[in-house]
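**Q** This structure is in structure tokens; I'll ask about it shortly.
The values are calculated or read from the model by the stated rules, or taken from the named source; none is laboratory data. Please read all numbers here as calculations on a predicted model, not as lab measurements. Here the Cβ positions follow ideal geometry from the backbone for every residue, glycine too, while neighbour counts run over all protein chains shown.
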Amino acid sequence: MNSSEQLPGSNDGADTNTKVEALVAVVCGQWLAVELRYIETVIKLGLVSPLPLLPSYMPGAMAHGQEPLVLIDPARFLELKDCVRAAEVQQRRVVVVESKELRAGLVIDGAAEIGVLSIRQGDMTDLRGSDAVSQYLLGECVQADRVIAVLDLPRLLEGARV
């Protein structure tokens, strides 16, 4: 899919919607999106080295380039409920992201597609997470068969204290 194409079924008629180019990924059976402007690359999940004194949503770090890449598990950070993980750890990926000099790897179960999402703001009750989850979302895109929550990446990285 061309990154400038609109994803099928996304909202395209409302003037109050914001359009963003994003990578759509699966995390614990739920659809999350990250704006392309923050993504450096997507890599396979490699050997994770646990680091002491990190919160539970940071499983550790892995080698990537010149510096270790600190990992964030969005499912744990957002406290997603009814978490169903991919059966094979080897299938999981890491989205390497950067914002405001903060760099981290978001652990995902799989990447689905890249495209333009038309996101709406307001009550985002479709994402099964903690009550605080909405502070880390830009909005959501409702498609025919799914709801995609679009992450506010700068706020998420700052909240995770990367």
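**Q** Would you check which residues across the range 140-162 are surrounded by fewer than 23 Cβ atoms within 10 Å (Cβ to Cβ) and either at pLDDT below 90 or of a type in the set (Asp, Glu) (or both) and list them?
**A** Val142, Gln143, Ala144, Asp145, Arg146, Val147, Asp152, Glu158, Arg161, Val162
**Q** How many residues does the range 105-114 hold that are buried (at least 16 other Cβ atoms within 10 Å of the Cβ) and either within 16 Å of Tyr38 (Cβ to Cβ) or polar (S, T, N, Q) (or both)?
**A** Qualifying residue count, the range 105-114: 5.
**Q** Kindly provide the set of residues from the range 97-124 that are within 14 Å of Ile148 (Cβ to Cβ) and at pLDDT below 65, ordered by number.
**A** Met124, the sole residue that qualifies.
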